[in-house]
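The values are calculated or read from the model by the stated rules, or taken from the named source; none is laboratory data. Please read these numbers as outputs of a predicted model, since none were measured by experiment. Using ideal geometry, Cβ is built from the backbone for each residue, glycine included, and neighbour counts are taken over all protein chains shown. Note: accessible area is taken over every heavy atom of the protein model, side chains too, but ligands, DNA and RNA are not part of it. Shrake-Rupley method; radii C 1.70, N 1.55, O 1.52, S 1.80 Å.
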Amino acid sequence: QVQLVESGGGLAQAGGSLRLSCAASGGTFSSYALGWFRQFPGKEREFVSAITWSGGTPYYADSVKGRFTISRDNAKNTVYLQMDNPKPEDTAVYYCAADEELIRVVAGTARSWGQGTQVTVSS
């Protein structure tokens, strides 16, 4: 089972940029589909983005499409979420997820999850 640790969260200014990282250990990183979710206060986690083991054809929620970019570096066992032009409504705890099946990642039922990193966007 892969272990995931997020980093890069913190304070960001609206219209700026922020990059989240998720480092993995254990398992075979290149064999996993990866994804990012976020959770607003008092609400359930929602899908943000996902990427296949090959790194092609990424998937994005409509709310972040065109602003966020997911990528992976298998050599570094790391998946990234580049947040460009973040907005106050993007403020949430962000989690990374990994699973052998892309469908489980997108559905929010991935077998491995990180502990989350807080992202706060100010006006």
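Between Gln115 and Ser54, what is the FRET efficiency for a Förster distance of 30 Å, r being their Cβ-Cβ separation, to the nearest 0.05? Between Gln115 and Ser54 the formula returns 0.65. Note on surface exposure: Lys87, Lys43 rank Lys43, Lys87 by accessible area, highest first, 1.4 Å probe. If only the Cβ of Lys and Arg carry +1 and only the Cβ of Asp and Glu carry -1, the dipole of the chain around its Cα centre is close to 100 debye. Placing a label point 7 Å from the Cα of Ala75 along the Cα-to-Cβ line, no residue of region 21-50 has its backbone N under 12 Å from it. Derived scalar couplings between HN and Hα for region 43-52 equal 10, 6, 5, 10, 5, 10, 6, 8, 9, 7 Hz in order, rounded to whole Hz, by the Karplus curve 6.51 cos²θ - 1.76 cosθ + 1.60 (θ = phi - 60°), x for Gly and Pro.
Once the chain from Asp62 to Val5 is taken as fully extended at 0.36 nm per residue, the excess over their C-alpha distance is 18.0 nm. Taking 10 °C and 1.306 mPa s as the conditions, I'd like the Stokes-Einstein D for the chain in µm²/s, using the Kirkwood hydrodynamic radius from alpha carbon pairs. Answer, rounded: 113 µm²/s.
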